[in-house]
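The structure appears right after this line, and notes come after that.
The values are calculated or read from the model by the stated rules, or taken from the named source; none is laboratory data. In this text the structure is predicted, and so the values were computed from the model without any measurement. Note that each Cβ is placed from the backbone with ideal geometry, even for glycine, and that neighbours are counted across all protein chains shown. Surface accessibility is based on the protein's heavy atoms, side chains included, excluding ligands, DNA and RNA. Shrake-Rupley method; radii C 1.70, N 1.55, O 1.52, S 1.80 Å.
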Amino acid sequence: MIYSPENISLRKKEHIELSLTDKVAFKEKSNGFDKYDFEHYAITEVDIKKIDFGTKFFHKKIKLPFLISCMTGGTPEAENINEKLAIAANSLQILLGVGSQRQALENKLYHKSYKVIRKHAPNIPILGNIGAAQVCGPKSVEQIKYLIDLIQADAFVVHVNPLQELLQKNGEPNFKNLLNMLDKICGKIDIPIIVKEVGSGISKRAAFDLLNVGVKGIDVAGAGGTSWAGVEILRSKENKNNIFWDWGLPTSYCLRTVNQLKSKNNFLLIGSGGIFNGFDIAKAMVLGADITASARIILQELDKNNIEGVEKLIAGWFDTVKKIMFLTGCSTVDQFKKQKLIKKEELY
């Protein structure tokens, strides 16, 4: 089936509506961060007021190593959401990703829902986004250049979602030639290409293959946050007990193993998939994440408490990280990332 722009827009609307609830959370599988704890350092001498999270996203400066991850676009509801998220991200000086831009390739009906982001976030890095199924097409390089220009993107995300496509009604679970096309894209696109999962995780083996074709960033997007299998199961209104609801690799496992590739590869590692609070961010950083990211909980906070709520939530998370750094005796992020997490079974 070939989707019409109206069908794609309706699907995006349904995704937003489901993401505003907790119905799409993983049922039994966690992000894995709950299995770890920090080693308390009782004689800390850290000046908490001097802790600085400022870093670079490739060549652009950001104040906090955080990404409001790809969520919305291509639907009337998305314009208002994206405008508010852009204002919050620009205020915090963090990264902002757009939802899949597939609909923008069909016609210009909802282009404003994407363009509004750069209008209200002129000073931060913006990440474009398209699905792997579209990347496998013959015109992918030209299409990606078009989508980059549409939002003046600083990096471009290709999301890989085989399980979602497998379960989605009229999905496209055919990624044949994906690595070859990514190799071609990385050679012809001037900005960094990042590959992310959508909730099932990127393994060390998959990351190795992606880095070999020129991908500059890996967003593991592991299990423990939103189950996009669950999203599609609920959308289909069929078997809510589908055995694939909890399929995937926990985020903590993905970070710990993919981080091992850094000894021989220079790439950006993004930790997402069940980032719900400052402790999750802190544990993700220690396990190797250069940037952490979240989507559903940010969308829910925006719905409840508007722009101010999003800014307060994210700032509060990093205030928690500062306190954890103080309590572990780390005055810099580099020191903190060299810490060892303790497996909780070792404590008892």
**Q.** Any hit, the range 198-216, residues being under 13 Å from the mean Cα position of the chain (by Cα), closer than 21 Å to Ile291 by Cβ and among the polar types (S, T, N, Q)
**A.** yes
Q: Among the residues of the range 273-301, write down those that are part of a loop (DSSP other than H, G, I, E, B), within 21 Å of Lys29 (Cα to Cα) and open to solvent by 10 Å² or more (accessible area, probe 1.4 Å).
A: Gly273, Phe276, Asn277, Leu287, Ala295
(Q) Of everything in the range 36-51, what is open to solvent by 100 Å² or more (accessible area, probe 1.4 Å) and among the charged types (D, E, K, R)? Give them in sequence order. (A) Glu39, Glu45, Lys49, Lys50
Q: Please work out which one of (1) farther than 20 Å from Lys56 by Cβ; (2) modelled with pLDDT of 95 or more is the condition Asp334 fails and give its number.
A: (1)
Q: Hey, can you tell me all the residues within the range 203-243 that are open to solvent by 40 Å² or more (accessible area, probe 1.4 Å), at pLDDT 95 or above and part of a loop (DSSP other than H, G, I, E, B)?
A: Lys216
Q.
Show me the helices (runs of 4 or more DSSP H) entirely contained within the range 87-173 in which 3 or more residues are touching a Phe, Trp or Tyr at 6+ places or on another chain (Cβ under 9 Å), open to solvent by less than 10 Å² (accessible area, probe 1.4 Å) and over 16 Å from Glu197 (Cβ atoms).
A. 140-151
Q: Among what's in the range 53-86 and is in a loop (DSSP other than H, G, I, E, B) and free of Cβ contacts under 8 Å to residues at least 12 places away in the same chain, pick the residue that is surrounded by the fewest Cβ atoms within 10 Å (Cβ to Cβ).
A: His59
**Q.** Scope the range 182-195; condition under 22 Å from Thr251 (Cβ atoms) and open to solvent by 20 Å² or more (accessible area, probe 1.4 Å); matching residues
**A.** Pro192
Q.
Quick check on this structure: which one of Ile2, Ile43 is more than 17 Å from the chain's Cα centre (by Cα) and modelled with pLDDT of 95 or more?
A. Ile43
